Amino acid sequence: MSSPARNLDLNSLECFDMLMRERSVSRAAEHLGISQSSASDALARLRERFGDPLLVRTRDGMVPTPRADALLPQVRLALNQLHGLMERHEDFSPAGCSERFRLSTSDYTQLLLMPALTQCLLAEAPGCTVDVLPVHILRIEQALEAGDIDLAIAYYPEPPAGLRRSPLFTDRHVCIARPGHSQLGQALSPERFAALSHVSVAPSGLSYFSSVIDSALEAQGLTRRIVVSSPHFLLAAHLVSRTDLVLALPLQAARALAAIFPLQIVELPMVTRSIDLSMYWHERCHHSRAQQWLREQVLGALAPERRASEPPAPAA
């Protein structure tokens with residue numbers, strides 16, 4: 001009797017991986033650039049070879065069986081090894097690449113990164129695609145290890161030791177408010193700043209950004225009143241532009257948002273801890289030529305922010 005894995009080819013493995021990502025035959029087919037019937041046929045062959053339904057239909061869509069969950073890490077490892085083997089024997093060319101890059105980051109970094117990165121893809125790698133995926137920051141290491149995402153851009157007070165890391169830039173906090181804000185006509189003191197009505201942004205439900213402000217105020221015996229808390233900088237900036245709420249946020253995000261909404265940028269009246277933004281990836285992607293190229297493009301796209309965050313050169 002033949003082994004269930006006998007004659008499994010690269011296309012079958014890629015189809016299984018995409019089916020597990022999308023939990024939908026039609027969406028998996030669309031991502032793979034094949035017909036829905038071809039994806040259905042591939043799933044039927046996989047079921048026969050592994051003697052398991054692998055994905056079953058429910059009211060909420062397709063869900064994997066325990067057998068499929070157990071197979072997934074092995075399949076992704078095999079795919080990474082096969083792709084790496086092919087890349088080592090082929091000259092990498094962005095123009096001929098058809099990679100689907102999976103990136104996770106907050107809308108703050110998306111505002112800074114995606115315009116330049118998208119232009120680069122359209123010009124140099126028109127066959128490539130970028131999926132920006134929401135991943136809770138506490139699950140980023142797990143998602144990178146599992147292959148759910150290829151690259152993450154995040155701020156970690158304590159960077160995970162199990163991931164590769166490249167620093168991008170260091171940012172500092174400022175405050176944004178609508179022009180003509182009724183309480184910002186005078187010099188801003190810590191007491192007056194704390195007394196304002198605030199919006200707080202906590203990407204992925206965490207308080208890294210807002211805790212920087214709260215810690216600086218607490219050091220002076222002050223607390224602020226947070227009226228609205230949101231995981232999204234865009235929504236917070238929209239609220240600030242239409243009300244007397246204020247938002248403390250990283251400078252580069254403030255500049256990007258002020259180009260979209262009518263906002264003024266105000267310096268904070270106290271010193272706050274800096275934010276060190278880095279990109280993270282797993283060892284499994286480290287030697288991939290396509291992934292190396294993507295990381296180079298991210299560095300290039302964020303070069304203006306890197307320069308803007310550097311201290312000025314001393315006078316001659």
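With both partners inside the chain, how many of the DSSP beta bridges are antiparallel, as a percent to the nearest 5?
So the antiparallel bridges in the chain amount to around 65 percent.
I'd like to compare 108-120, 246-258, 216-228, 57-69: which one has the highest average count of other Cβ atoms within 10 Å, and what's the full order after that?
Packing proxy ranking, top to bottom: 246-258, 108-120, 216-228, 57-69.
Just need the relative contact order of the chain here, percent rounded to a whole number, with Cα pairs under 8 Å and 6+ apart.
21
Shape call for the chain from the C-alpha gyration tensor, a ≥ b ≥ c root eigenvalues: rounded (a/c under 1.5), prolate (a/b greater than b/c) or oblate?
Prolate is the answer for the chain, as a/c is 1.5 or above and a/b outweighs b/c.
Report the relative contact order of segment 10-88, percent, no decimals, based on alpha-carbon pairs under 8 angstrom and at least 6 residues apart.
28
Need one word for segment 178-268: rounded, prolate or oblate. Basis is the Cα gyration tensor (sqrt eigenvalues a ≥ b ≥ c); a/c below 1.5 gives rounded, then a/b vs b/c decides.
The shape class here is oblate.
Shape call for segment 212-264 from the C-alpha gyration tensor, a ≥ b ≥ c root eigenvalues: rounded (a/c under 1.5), prolate (a/b greater than b/c) or oblate?
prolate
Nearest 20 debye, what's the magnitude of the dipole of segment 173-273 about its Cα centre given +1 on Lys and Arg Cβ and -1 on Asp and Glu Cβ?
The dipole magnitude comes to about 180 debye.
Which of the peptides 74-80, 291-297 is most tightly packed, and how do the rest follow, judged by the mean count of other Cβ atoms within 10 Å per residue?
So the peptides 74-80, 291-297, ranked by packing, come out 291-297, 74-80.
If r is the Cβ-Cβ distance from Arg139 to Ser93 and R0 is 41 Å, what FRET efficiency results, to the nearest 0.05?
Rounded to the nearest 0.05, the efficiency is 0.75.
Taking the mean number of other Cβ atoms within 10 Å as a proxy for protection, how do you rank 164-170, 123-129 from highest to lowest?
164-170, 123-129
So, in Å, what gap is there between the alpha-carbon centers of segment 124-161 and segment 251-279?
Result: 23 Å between the Cα centres.
Every read-out reported here was derived from the displayed coordinates using simple, explicitly stated rules and does not represent laboratory data. Quick caveat, the model's predicted, so the values are computed rather than measured. Please note: Cβ atoms are built from the backbone with ideal geometry, for glycine as well, and neighbour counts cover all protein chains shown.
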